[in-house]
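Enquirer: Sharing a structure here in structure tokens format.
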Number of protein chains: 4
Amino acid sequence: MARVNTKQLIVDAAVAVAAQHGISGASMDQIAETAGVAKGSLYYNFASKDALFAEVMRRGFERLSAAIDSAREGVPGEGAPRIVAAATLEALRNNIDLAKLMAAEVFRTDRAWAETMNEARSSVATRLRDALRDAHVAAGNSEQSAERITETAGAAFFGALAGACLDWLLFRPELSLEHVLDEVLTTW
Amino acid sequence: MARVNTKQLIVDAAVAVAAQHGISGASMDQIAETAGVAKGSLYYNFASKDALFAEVMRRGFERLSAAIDSAREGVPGEGAPRIVAAATLEALRNNIDLAKLMAAEVFRTDRAWAETMNEARSSVATRLRDALRDAHVAAGNSEQSAERITETAGAAFFGALAGACLDWLLFRPELSLEHVLDEVLTTW
Amino acid sequence: MARVNTKQLIVDAAVAVAAQHGISGASMDQIAETAGVAKGSLYYNFASKDALFAEVMRRGFERLSAAIDSAREGVPGEGAPRIVAAATLEALRNNIDLAKLMAAEVFRTDRAWAETMNEARSSVATRLRDALRDAHVAAGNSEQSAERITETAGAAFFGALAGACLDWLLFRPELSLEHVLDEVLTTW
Amino acid sequence: MARVNTKQLIVDAAVAVAAQHGISGASMDQIAETAGVAKGSLYYNFASKDALFAEVMRRGFERLSAAIDSAREGVPGEGAPRIVAAATLEALRNNIDLAKLMAAEVFRTDRAWAETMNEARSSVATRLRDALRDAHVAAGNSEQSAERITETAGAAFFGALAGACLDWLLFRPELSLEHVLDEVLTTW
DNA sequence: TATGAATGAGGGTTCATTCAT
DNA sequence: CATGAATGAACCCTCATTCAT
């Protein structure tokens with residue numbers, strides 16, 4: 001019989017429920033109901049609520065990293081920031097629930113999965129930093145000067161994209177992706 | 001005897017506790033203990049936990065708006081983005097607990113105080129947008145073209161500042177404010 | 001208003017419920033219902049189920065020790081074993097629920113309250129040992145030879161009393177206390 | 001291939017796990033893991049957890065009864081109490097896990113296997129009573145007077161042995177079996 | 001103005017049991 | 001003969017809230 005993947009069912013339900021009420025406000029009861037499985041099954045597949053959401057965050061950032069990597073392939077340096085920004089916005093738009101979760105949790109340092117999330121966060125910031133460096137060099141600057149662009153700039157870039165994206169999707173959904181992209185990239 | 005302001009005592013305790021464990025994880029018990037008052041006093045001074053945190057968020061954004069306003073006074077258009085960015089970073093640095101709370105809550109749409117917070121968020125974004133517009137005009141562009149800079153750009157600007165600031169304070173506290181500012185402003 | 005002592009209410013209910021189903025089988029729900037208080041009140045008055053039963057056991061052994069002490073006052077050495085045995089049987093009979101609990105738990109070494117219970121167990125065994133020593137000396141033996149009677153003999157004495165008492169009360173309630181006492185004291 | 005007896009494997013694991021955490025605290029999961037079989041196998045071999053522990057208790061008391069019977073063979077009346085006491089202590093010492101279980105469960109009247117256990121308990125008490133009666137008669141008393149030694153005395157004797165044995169093994173393991181025996185038999 | 005004992009709904013988690021394989 | 005994914009009732013515990021003082 002074509003067995004469904006129970007783990008994936010649960011992870012998806014966890015994202016959906018937590019997007020509405022936050023992780024603390026997402027009850028295992030409601031997650032189970034949303035997933036269409038018994039509550040006990042959550043604990044058969046994940047050791048705890050913490051472990052479940054660690055997996056949720058891991059998969060979320062992984063998807064984002066993959067989207068960025070895939071976008072950069074074969075793109076010349078000067079176009080890198082726009083193309084990765086577009087890919088990031090696209091990924092966030094397609095997973096807005098996950099985006100809200102990530103925005104809310106990314107700077108919590110008290111979570112059981114803080115370490116996991118930190119690595120994921122850092123890997124996204126590094127990818128964005130690299131895109132910025134590529135453009136910097138393509139604009140005629142030296143490799144050395146590019147090294148002054150650090151992960152902090154990557155974090156700022158990600159913050160700008162996340163801030164714009166959520167403002168867009170939650171409050172101004174009529175805008176086009178291209179327009180949002182322009183506002184992020186050209187104004188300062 | 002110099003009477004302390006019980007309300008302020010409680011708000012401060014609420015910020016401190018919630019910064020550690022998030023708002024959901026902040027128990028009224030712990031807030032009362034931290035504030036040094038009995039639990040009943042919380043309910044004497046605030047109608048509910050929601051009302052307490054609505055006040056917390058309101059005061060937080062108010063402080064931020066005031067900091068930005070005060071920074072812009074008498075600053076010519078071209079310098080506006082940098083000066084408001086510096087003021088924002090400074091304000092976030094001085095209230096890092098509040099900054100973490102605001103980052104975690106700003107895109108939650110299910111909170112009882114969502115409306116309050118939305119206005120506050122919007123007012124900050126608008127102030128940042130205006131600084132960007134001033135610089136745009138000061139750079140020789142028309143007022144009309146400046147109107148294409150919307151609140152979404154303000155949200156992106158705020159997201160960049162918040163992302164950089166938390167990355168800085170949580171993971172790279174050795175950097176200087178000026179350095180962080182440069183990374184935010186010059187890289188794209 | 002003549003406030004009832006909630007703590008005592010809860011302890012009594014805990015003893016009653018645990019006597020029926022053992023400590024593990026005694027649910028906090030049922031204890032609360034039996035005590036006529038809300039479940040939350042259990043946790044307002046005791047930190048945990050473990051803490052509650054630590055208190056239960058402490059009070060139980062304390063009562064037993066007090067009964068033994070009170071019985072020995074002014075009794076000459078040769079009569080000591082019988083009088084303390086009678087007092088012990090009496091105390092167990094009057095608190096048969098507690099007696100069953102103590103019998104079931106006294107040799108568990110994994111409980112959170114094992115230490116507490118151990119001290120209490122030891123203090124009872126010591127009292128019984130002293131009664132045996134007194135009789136030994138009163139029978140004309142030297143103090144030195146009496147020291148060969150150790151706490152282990154006290155434990156054996158207590159085991160004999162508990163074994164006889166529970167056999168009596170659970171399976172042969174028609175016997176008199178004096179008869180049971182005779183069977184314990186004269187048969188070997 | 002030398003097939004192992006799965007039932008025995010499970011019973012042994014059940015004893016080991018329950019000795020640590022009590023019967024209520026022994027989970028079928030942990031028993032299965034300890035036995036090295038899948039959880040489903042427990043239910044293939046035993047109808048329920050209750051049935052499994054009924055079997056555990058039955059085998060435990062059976063072993064004890066057999067040890068006592070074997071000890072009394074060919075021993076004259078006056079030596080009977082000491083020899084059966086020694087056999088009992090020896091059996092308990094060799095199965096201390098089982099001894100702790102039996103001590104904790106022997107007076108529980110709510111278990112599904114209470115009936116089973118009661119018979120077993122009674123059969124041990126009867127055997128001990130008979131040893132006491134034999135010695136009584138061998139000491140020159142009439143058969144009739146010996147009949148005043150009832151099962152209650154047997155229960156007391158067993159209680160004394162169990163109490164001394166557990167005190168010995170758990171808290172004073174340096175003592176010799178002979179020493180413990182002396183303390184039980186000669187002090188009152 | 002302030003207190004803290006009491007509440008009860010709802011939280012995360014465990015676990016004996018079932019059943020399709 | 002054996003397995004292990006799945007279940008759901010029941011567990012211990014937390015906590016926002018109330019109210020008599």
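Every number in this text was worked out from the coordinates using simple rules, so none of it is lab data. What you see is a predicted model; the values in this text were computed from it and never measured. As a convention, Cβ positions derive from the backbone with ideal geometry for all residues, glycine included, and neighbour counts pool all protein chains shown.
Enquirer: Could you list, in their original order, any pairs among B:7/B:100; C:7/D:100; A:7/D:7; A:49/B:39; D:7/D:100; A:7/C:49 whose Cα atoms are separated by more than 24 Å?
Expert: Details: B:7/B:100 22 Å; C:7/D:100 31 Å; A:7/D:7 34 Å; A:49/B:39 29 Å; D:7/D:100 22 Å; A:7/C:49 34 Å.
Pairs exceeding 24 Å: C:7/D:100; A:7/D:7; A:49/B:39; A:7/C:49.
Enquirer: Which of the GluC sites (Glu not before Pro) found in region D:93-188 are loop residues per DSSP with 13 or fewer other Cβ atoms within 10 Å of their Cβ? Can you show the working numbers first?
Expert: Numbers: sites: D:105, D:115, D:119, D:143, D:147, D:151, D:174, D:178, D:183; in loops: D:147, D:174.
Those that pass, being in a loop and sparsely packed, are D:147, D:174.
Enquirer: Would you calculate, for chain C, the mean residue ellipticity at 222 nm contributed by helices, counting each DSSP H stretch of 4 or more residues as -39,500 (n - 2.57) and dividing by all residues, to the nearest 500? Mind dumping the intermediate values first?
Expert: Working: 10 runs with 144 residues, N = 188.
Calculated mean residue ellipticity at 222 nm is -25000 deg cm²/dmol.
Enquirer: Around residue A:166, what is the net charge, scoring Lys/Arg as +1 and Asp/Glu as -1 over all other residues with Cβ under 12 Å from its Cβ? The partial results should precede the final answer.
Expert: On the way: positive: A:93, A:100, A:172, B:108, B:121; negative: A:97, A:167.
So the environment of residue A:166 carries a net charge of +3.
Enquirer: Here's another thing I want to ask about it. Between chain D and chain A, with a rotation axis joining them, whose C-beta in D is nearest that axis, and what is the whole-Å distance?
Expert: Residue of D nearest the axis onto A, distance in Å: D:40, 4.
Enquirer: Find how many whole Å separate the alpha carbon centroid of region C:113-128 from the alpha carbon centroid of region A:68-96.
Expert: With region A:68-96 and region C:113-128 each reduced to a Cα centre, they are spaced 71 Å.
Enquirer: Separate question: Which distances, in nm and shortest first, link the residue B:116 label point to the same label point in every other copy, taking 7 Å along Cα→Cβ?
Expert: 3.4, 4.3, 6.3
Enquirer: Shifting gears a bit: Tally Lys and Arg at +1 and Asp and Glu at -1 over the other residues with C-beta under 15 Å from the C-beta of residue B:30: what net charge comes out? Show your work: numbers first, answer last.
Expert: Values: positive: B:39, B:49; negative: A:110, B:12, B:29, B:33, B:97.
My count for the surroundings of residue B:30 gives -3.
Enquirer: If one computes the Cα centroid of region A:8-63 and of region A:153-168, what distance in Å separates the two points?
Expert: Each part's Cα centre sits 26 Å from the other's.
Enquirer: Once the label point is placed 7 Å from Cα along Cβ, list for residue A:73 the distances to the corresponding points in the other copies, in nm, shortest first.
Expert: 5.7, 8.2, 9.2
Enquirer: Once you sort the root eigenvalues of the Cα gyration tensor of region D:49-186 as a ≥ b ≥ c, which label holds: rounded (a/c under 1.5), prolate (a/b larger than b/c) or oblate (the other case)? Working shown, then result.
Expert: Details: a/c = 2.05, a/b = 1.32, b/c = 1.55.
Here region D:49-186 falls in the oblate category.
Enquirer: Assume the label is 7 Å from Cα along Cα to beta carbon: what separations in nm does residue C:25 have to the matching positions in the other copies?
Expert: Once sorted, the set of distances for residue C:25 reads 1.7, 4.0, 4.4 nm.
Enquirer: Between exposed trypsin sites (Lys or Arg not before Pro) in chain A, where DSSP calls loop and at most 15 other Cβ atoms lie within 10 Å, what's the longest gap? Spell out each step's value before the answer.
Expert: Working: sites that count: A:3, A:148.
Longest site-free region, per DSSP loop and neighbour criteria: A:4-147.
Enquirer: So, one more: Taking the Cβ of residue D:45 as the centre, find all other residues whose Cβ is under 13 Å away and add up their charges (Lys, Arg: +1; Asp, Glu: -1).
Expert: Combined, the nearby Lys, Arg, Asp and Glu give +1.
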